[in-house]
Amino acid sequence: MSHAVPSYLHPDHLGPWGVYLQQVDRVIPYLGHLARWAETLKRPKRALIVDVPIQMDNGTVAHFEGYRVQHNTSRGPGKGGVRFHQDVTLSEVMALSAWMSIKNAAVNVPYGGAKGGIRVDPKTLSLGELERMTRRYTSEIGIIIGPTKDIPAPDVNTNEQTMAWMMDTYSMNEGATATGVVTGKPIDLGGSLGRREATGRGVYTVGVEAAKHIGLDISSAKIAVQGFGNVGGIAAKLFAQAGATIVAVQDHGGTIAMASGLDVNALLLHVANTGSVAGFALADVLPDAEFWSVACDILIPAALEQQITETNAHRIQARMVIEGANGPTTPQADDILQDRGILVVPDVIANAGGVTVSYFEWVQDFSSFFWSEDEINSRLVRIMQDAFAVVWQVGLDHQVSLRTATFIVGCKRILHARELRGLYP
Ligand code: GLU
């Protein structure tokens with residue numbers, strides 16, 4: 001079938017979207033009759049680029065480039081975070097939105113996939129500038145978001161305060177308070193207990209399940225973590241509570257290590273006070289490149305995309321990689337790790353805990369009835385364990401990597417919904 005080929009459809013396309021296209025291509029042979037619909041997965045449903053002008057504190061006007069991409073809405077409204085980072089591009093947001101579609105389908109929450117971002121280093125803005133930028137961005141994407149259309153949430157460099165501003169801006173424009181338009185809000189504005197820790201708790205939960213399958217004892221495991229924010233920091237804390245030793249941590253400030261184990265609570269405090277792991281007194285400093293060859297059992301990339309590549313994959317010592325970040329491993333690195341017998345628990349299942357509790361938050365907002373933290377955590381753990389068991393079995397059945405297995409589960413659910421809905425008009 002010939003049709004005009006969009007520029008973004010080529011798998012050699014550099015960057016995260018190209019990585020995503022290669023991942024989809026690996027799954028198509030396993031989709032059976034649903035392969036007929038597979039090109040749906042390679043085209044975002046809708047992508048919006050917005051200009052975000054704000055008045056700076058010094059009186060000048062600055063313009064930022066913002067995006068919101070709805071990759072797929074076959075199974076429900078778009079859902080996914082908003083990231084503020086100087087390297088954000090449309091290609092990156094497209095890939096992140098597509099990974100949300102797969103992730104939401106893999107854990108079977110009733111959402112499609114979406115993502116947003118602003119190309120900005122938020123550390124260069126004052127609090128007032130950050131608020132004005134967030135509000136103007138929300139107003140600009142207000143034409144496509146909404147509690148039943150597309151529900152943003154926190155991602156890299158955004159947090160509960162960002163969500164409070166987004167909720168307020170959307171609500172002011174609508175003339176009614178709409179708590180369900182974003183998740184990851186402060187508890188006092190309709191946020192959910194357990195949401196802040198949910199992604200890290202999910203990483204820990206699937207890590208424990210995966211460890212059972214490869215005969216790895218968590219209580220004596222050595223773990224290296226890249227990124228010590230909401231995902232890596234919480235996951236490290238939970239693994240340490242289970243007896244594991246955190247032997248190395250890397251973030252944007254540098255790399256620290258301690259073979260006998262880092263004091264995770266002291267490190268969390270240090271990062272909360274200083275913004276990075278750099279300067280933590282109770283550790284040795286490592287050159288950044290040495291992080292990848294640290295002796296450990298579990299490696300948790302929990303920062304940005306394309307960190308594990310063909311240049312460092314052969315140096316990894318771990319028995320298992322758990323992807324807290326979205327897209328940290330390239331397809332070439334996936335192959336190297338698989339050949340070396342290193343299990344990769346992919347982002348699209350490993351970090352799905354955040355959006356799972358976002359789903360709980362959204363349900364609670366709609367019903368205006370709030371659950372206890374125990375209820376939330378136990379439901380989260382059950383969903384993650386059940387989803388992981390399904391994915392593991394599909395991996396065994398088809399003799400494929402866990403990433404391909406998760407994509408098989410997710411893509412089949414998305415395309416089945418697509419097929420049932422049919423084309424309109
Ligand atoms: N940003 C998170 C993710 O990448 C959470 C998205 C959400 O809760 O909607 O999964």
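Within the option set Asp374, Asp365, Asp347, Asp386, being in contact with an Asp or Glu (Cβ under 6 Å, 6 or more places away or on another chain) and either modelled with pLDDT of 95 or more or surrounded by fewer than 24 Cβ atoms within 10 Å (Cβ to Cβ) (or both) holds for one residue only, Asp347. Restricting to segment 269-280, name every residue that is part of a helix (DSSP H, G or I) and loosely packed, with under 15 Cβ neighbours inside 10 Å. Passing the criteria: Leu269, Ala272, Asn273, Thr274. Pairs are defined by a Cβ separation below 7 Å, a sequence spacing of at least 6 or placement on different chains, a first member in segment 33-57 that is farther than 13 Å from Ser101 by Cβ, and a second member that is of a type in the set (S, T, N, Q) and in a loop (DSSP other than H, G, I, E, B); the pairs so defined are Asp57/Ser126. When the residues of segment 361-374 are filtered to those that are out of contact with any strand residue (DSSP E or B) (no Cβ under 9 Å at 6 or more places or on another chain), in a helix (DSSP H, G or I) and under 21 Å from Val182 (Cα atoms), the one that is nearest to the ligand (Cβ to nearest atom) is Glu361. Selection of segment 292-328 for residues being at pLDDT 95 or above and either touching a His at 6+ places or on another chain (Cβ under 7 Å) or within 16 Å of the ligand (Cβ to nearest atom) (or both) yields Ile300, Pro301, Ala302, Ala303, Gln307, Ile322, Glu323, Gly324, Ala325, Asn326, Gly327, Pro328. In segment 38-55 there is at least one residue that is touching a helix residue (DSSP H, G or I) at 6+ places or on another chain (Cβ under 7 Å), at negative phi and either modelled with pLDDT under 95 or hydroxyl-bearing (Ser, Thr, Tyr) (or both). Six or more apart or on different chains, Cβ atoms under 6 Å: show the pairs whose first residue is in segment 396-419 and under 19 Å from Glu209 (Cβ atoms) and whose second is among the charged types (D, E, K, R) and part of a helix (DSSP H, G or I). Between residues of segment 396-419 that are under 19 Å from Glu209 (Cβ atoms) and residues that are among the charged types (D, E, K, R) and part of a helix (DSSP H, G or I), the close pairs are Thr404/Arg26. Identify, please: which residue in segment 281-291 is out of contact with any strand residue (DSSP E or B) (no Cβ under 8 Å at 6 or more places or on another chain) and part of a loop (DSSP other than H, G, I, E, B) and is, among those, modelled with the highest pLDDT? Filtering segment 281-291 for residues that are out of contact with any strand residue (DSSP E or B) (no Cβ under 8 Å at 6 or more places or on another chain) and part of a loop (DSSP other than H, G, I, E, B), the one modelled with the highest pLDDT comes out as Ala281. For segment 176-189, the candidate set comprises residues that are under 17 Å from Thr148 (Cβ atoms) and surrounded by fewer than 24 Cβ atoms within 10 Å (Cβ to Cβ); within that set, the residue that is nearest to the ligand (Cβ to nearest atom) is Gly180.
Within segment 334-347, the set of residues being within 18 Å of Val225 (Cα to Cα) and hydrophobic (A, V, I, L, M, F, W, C) comprises Leu337, Ile342, Leu343, Val344, Val345.
Taking segment 158-169 as the range and being under 20 Å from Lys123 (Cα atoms) and assigned to a helix (DSSP H, G or I) as the test, the residues that pass are Glu160, Gln161, Thr162, Met163, Ala164, Trp165, Met166. Of everything listed in (1) without any contact (Cβ under 8 Å) to a residue 24 or more places away in the chain; (2) assigned to a loop (DSSP other than H, G, I, E, B), the single unmet condition for Glu305 is (1). In segment 362-389, the residues that are closer than 24 Å to Thr406 by Cα form Cβ pairs under 6 Å with partners that are surrounded by 11 or more Cβ atoms within 10 Å (Cβ to Cβ) and among the polar types (S, T, N, Q), at six or more places apart or across chains, as follows: Leu380/Thr356; Val381/Thr205; Ile383/Thr356; Met384/Thr205. Only a single item in (1) in contact with a helix residue (DSSP H, G or I) (Cβ under 6 Å, 6 or more places away or on another chain); (2) more than 25 Å from Thr205 (Cβ to Cβ); (3) surrounded by 22 or more Cβ atoms within 10 Å (Cβ to Cβ) is not met by Ile256, and it is number (1). For Glu419, the conditions (1) under 22 Å from Lys79 (Cβ atoms); (2) buried (at least 24 other Cβ atoms within 10 Å of the Cβ) are fulfilled apart from (2). Considering segment 47-90, the residues that are away from the ligand (no atom under 14 Å from the Cβ) and of a type in the set (Phe, Trp, Tyr) include one that is surrounded by the most Cβ atoms within 10 Å (Cβ to Cβ), namely Tyr67. With respect to (1) away from the ligand (no atom under 16 Å from the Cβ); (2) closer than 19 Å to Ala272 by Cβ; (3) under 20 Å from the mean Cα position of the chain (by Cα), the lone exception for Gly227 is condition (1). Among all residues of segment 345-360, there is none that is more than 16 Å from the ligand (Cβ to nearest atom) and more than 10 Å from the chain's Cα centre (by Cα).
The values are calculated or read from the model by the stated rules, or taken from the named source; none is laboratory data. The shown structure was predicted, so the numbers you read here are calculated from the model rather than taken from an experiment. As a convention, Cβ positions derive from the backbone with ideal geometry for all residues, glycine included, and neighbour counts pool all protein chains shown.
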